[in-house]
Amino acid sequence: MSDSDFNLNDHVYRLLQSEPFFAALSRRIDKKPGNVPTAGVRVNEDGHFEMVYSPAFFAGLTDEQRAGVLVHEFYHLIFEHVTGRLPDALAGVMHSNQPTAEQIRLFKLWNIATDLSINYHIGASKLPENCCIPGGPMFEDMPGDMSAEWYYAKLLKKIEEQNEGNGDGSSGGPGEPDGDSSGTDFDPDNAGQFDSHGEWGKGEASGEEQAAMDIAKERLKEALKDAANEASTRSWGTVSASCRKEIMERITSKVDWRKMLRYFVKTSQRANKRSTPKRLNRRYAYVHPGRKVNRTASIAVSIDQSGSVSDSMLAAFYGELNKLASLATFTVIPFDTEVAEDSVYVWKRGETRKRERVRYGGTDFNPPTEYVNQRNFDGHIVLTDLCAPKPKSSKCQRMWMTTKAYAERPYFKTNERIIAIDDK
């Protein structure tokens, strides 16, 4: 078989056998040969992430290096380097027909910075020779486990200090980001970058490209969530604790009550109707008053008041509900192993309330689910520590809200959305 006939898909399973997380993610990323010098990830026009690779490049690597390159490309997706995460100075550069020399220079530094943020977690021995890695040639002064933004800022400072050392604006003089003059001169053109970043930055696009990017982001989030679930039952492989934490933070939704309310209102089936002479009756104009329809979502908010929910967590929940009350009216349902029906009340829009505890028992999600199922609610939000078995199905849309720590380690698995808040 010639180098050009190398098919990466025939080797992926074997290469990632010791990497359950990346193997699970790999199954959700298309891989195809293309006209690239090495490899790279991008978003295609259908809103799917795909990896394009050079068969000849992969054929010339060892199995360990092939696995390392795969993991490297997947880390670019995980860290959102592909979806438009660019420094402000580079906004729009990927969609400019004539980028300036300075933009090209800065984009090259950003590419190196993203590789530095990734390669530390893989190791130079598992990657092609001369890759950029913290502590390696040209980067002796760079610590590991930092973000791409951190490395980018340090590289800018490194070049600035080298230029000052030369006195002529050219590279070649020693310089360290923190003022230390030791280390190898930094030359961006020979920094050991091996993969292609040429199609990044589409996050600043508009129209069809932006739509494809938005779809790809949602698909990637679901793919990461599925891969994390698989890894939690098997093994995370070489994924470090810091990367694991960042992955869990990326797949855990942040609280956005406005978006959530718009979602409930949009899908609401209820309607408040009233007669009004200001609106013409379509059948009997000027004879009978018309009907004005205001579509509103009826939202139930169940608050877990069991003994395992601390007072600080309960206070955090009420803090979020005060934000929600600035936007809508909702029904509050306190519960532990049963619903405290005598304490159910309507929290009207604009009201502010303090934390209130009426129960101290265990936790059972079935009673509040049954309470909501028996009434005409359109949405059900459960505020809890998730420390109880999975409940029966909900007849309306159900979402879960908990703290970041519990969101990362839910007691049960669910396809329903889990929203994390900060209880500090």
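The values are calculated or read from the model by the stated rules, or taken from the named source; none is laboratory data. Remember, it's a predicted structure, so these values are computed and weren't measured experimentally. Please note: Cβ atoms are built from the backbone with ideal geometry, for glycine as well, and neighbour counts cover all protein chains shown.
Would it be correct to say that T337 is under 23 Å from K245 (Cβ atoms) and either out of contact with any strand residue (DSSP E or B) (no Cβ under 9 Å at 6 or more places or on another chain) or assigned to a loop (DSSP other than H, G, I, E, B) (or both)?
Considered against the rule, which asks whether it is under 23 Å from K245 (Cβ atoms) and either out of contact with any strand residue (DSSP E or B) (no Cβ under 9 Å at 6 or more places or on another chain) or assigned to a loop (DSSP other than H, G, I, E, B) (or both), T337 comes out as no.
Just the residues that are assigned to a loop (DSSP other than H, G, I, E, B) and either of a type in the set (K, R) or surrounded by 23 or more Cβ atoms within 10 Å (Cβ to Cβ) (or both), please, taken from region 134-151.
Passing the criteria: F139, M142.
When only residues in region 154-164 that are closer than 15 Å to P188 by Cβ and not basic (K, R) count, which is surrounded by the fewest Cβ atoms within 10 Å (Cβ to Cβ)?
E160
Residue by residue through region 309-351, note down the ones that are more than 32 Å from the chain's Cα centre (by Cα) and of a type in the set (S, T, Y).
T337, S343, Y345
Out of all the residues in region 44-65, which are in contact with a Phe, Trp or Tyr (Cβ under 6 Å, 6 or more places away or on another chain) and either buried (at least 18 other Cβ atoms within 10 Å of the Cβ) or of a type outside the set (G, A, S) (or both)?
Matches in region 44-65: P55, F58.
Which members of region 388-404 meet the condition of being surrounded by 13 or more Cβ atoms within 10 Å (Cβ to Cβ) and out of contact with any Gly (no Cβ under 9 Å at 6 or more places or on another chain)?
Once the filter is applied, which keeps residues that are surrounded by 13 or more Cβ atoms within 10 Å (Cβ to Cβ) and out of contact with any Gly (no Cβ under 9 Å at 6 or more places or on another chain), region 388-404 yields K390, P391, S394, K395, W400, M401, T402, T403, K404.
If a residue counts only when it is among the aromatic types (F, W, Y), which strands (runs of 3 or more DSSP E) contained entirely in region 1-85 have at least 1 such residues?
Hits in region 1-85: 49-53.
Residues in region 358-387 that are surrounded by 16 or more Cβ atoms within 10 Å (Cβ to Cβ) and basic (K, R): how many?
So the count comes out to 1.
So which of A241, A316 ends up being among the aliphatic types (A, V, I, L, M), crowded, with 18+ Cβ neighbours inside 10 Å, modelled with pLDDT of 85 or more and out of contact with any helix residue (DSSP H, G or I) (no Cβ under 9 Å at 6 or more places or on another chain)?
A316
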